[in-house]
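Encoded as structure tokens, the structure appears first; notes follow it.
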Amino acid sequence: MRRIVICLRKVLRVAETPALLEVEHLQKTFEVRAGLRTRKLHAVTDVSFTVSDGRATVIVGESGCGKSTVVRLIARLLTPTGGTIRFGGSSYGGRLRRRELLRLRSEVQMIFQDPFGSLNSSHSIGYHLSRPLFNYRKCRTASEARERALQTLESVGLTPAGDYIDKYPHELSGGQRQRVVIARALIVEPKLILADEPTSMLDVSIRMDILNLMRKLQRERGLAFLFITHDLASARYIGDDLLVMYAGELVEGGPVDDVVSAPAHPYTQLLLSAVPDVERNTMLEGETAPGEPPNLSQLPPGCRFHPRCPLAMDVCRKEAPKRVQVGENHWAACHAVQGNPGPKVI
Ligand code: SF4
């Protein structure tokens, strides 16, 4: 009976928030030259998830786990080696024609990590904001573009906008630049924003302002967000759904509060235990993972986390674990996971 109720709730929730982005079995392999040899680096292997309309989904994981590669594949800055990407019902796998790329990029915008490298110092803020409007044919005249730029600068908190529109990037602080980058992403009215560690290069004092701004814009405009971070505190603050990535694959996912309050995968548990806790006054002793993440060109057999996992069993060294449902919309890929009311492979 309980299982039927859970299924019904799941069906209703899916009906309420349709998937805007569907990623299935996404793969990216890079060929890396080392002397006379070429080796394959498996940056992303078999990654599947959905991002629902109006929800913020966060991918969290250590540096080098492949999370930035995933967003670059979705934005088609990189071409996938395999798998499918569906956005708004259209498929964007394989090579795209210019018209398809323009359509995708007018609806999927990206906020990069580095607010200094993302803006061209020889162009004014007004130029940076009007360029995408003309590129994606969202307006026709320079006066219309300027008016839209002024409105968008106001919406990201750069007020009065007239004081900023004719400035150059070097005249702004890091936080102001990142607001301009956010404005540039918003000005074409996208449906999905991909944010790749947008606060990691900012001073700690202004990170919170930028996170607050992004959360406010996401809620007000009903935007879908795919947010990449290695910081679980930011993930919990901004996210509705959380995906945990390790060595090129997703190991756990679900509503952010469920994953953080009851992490099922040992890697998620270790990530959470490494978050400094003022009440405990320290990190939990003995809860660090020994060793390093695996070399992506020589992945271990079975579960990729097994060389570092305190719960590793024989089966973990031979068989890759499948996703097991551990709660409503909450899953983990681990042989040791006990589902509730019973493990169910999904
Ligand atoms: Fe650890 Fe095994 Fe689970 Fe991998 S599958 S996380 S090695 S218990």
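Per-residue extension of 0.36 nm, minus the Cα-Cα distance of Glu22 and Glu292, leaves a gain of 94.1 nm for this segment. Return the calculated 222 nm mean residue ellipticity for the chain, to the nearest 500 deg cm²/dmol, obtained by summing -39500 (n - 2.57) across DSSP H runs with n ≥ 4 and dividing by the residue count. Taken over the chain, the calculation gives -10000 deg cm²/dmol.
Neighbour counts of other Cβ atoms within 10 Å put Tyr92, Tyr127, Tyr267 in the fewest-to-most order Tyr127, Tyr92, Tyr267. What is the Cα centroid distance between region 31-61 and region 119-193, reported in whole angstrom? One Cα centre to the other: 31 Å. At an R0 of 25 angstrom, the distance between the Cβ atoms of Tyr168 and Asp209 translates into a FRET efficiency of 0.70. With an a/c value of 1.5 or above and a/b not larger than b/c for the gyration tensor axes a ≥ b ≥ c computed over the alpha-carbon atoms, region 154-222 is described as oblate. Checking the Cα-Cα distances for Lys40/Lys318; Lys67/Lys322; Lys40/Lys322; Lys67/Lys318; Lys216/Lys322; Lys28/Lys322 against a 30 Å cut-off, the pairs over it are Lys216/Lys322. Counting only alpha carbon atoms, the long axis of helix 125-135 and the longest principal axis of the chain meet at about 80°. In this structure, Tyr127 and Arg99 have a Cβ-Cβ separation that, at R0 = 35 Å, corresponds to a calculated FRET efficiency of about 0.90. Dividing the Cα radius of gyration of the chain by its Kirkwood radius returns 0.99 for Rg/Rh. In this calculation the C-beta distance from Phe116 to Gln151 is compared with R0 = 25 Å, giving a FRET efficiency of 0.50. When each of Asp231, Asp257 is scored by the number of other beta-carbon atoms lying within 10 Å, the sequence from fewest to most is Asp257, Asp231. To test your reading of the geometry: what angle, between 0 and 90 degrees and rounded to tens, separates the Cα axis of helix 142-155 from the longest principal axis of the chain? The angle comes out at about 50 degrees.
Coordinate-derived values only; no laboratory data. The structure displayed is predicted, hence computed values, not measured ones. Here Cβ is always computed from backbone atoms with ideal geometry, including for glycine, and neighbour counts include all displayed protein chains.
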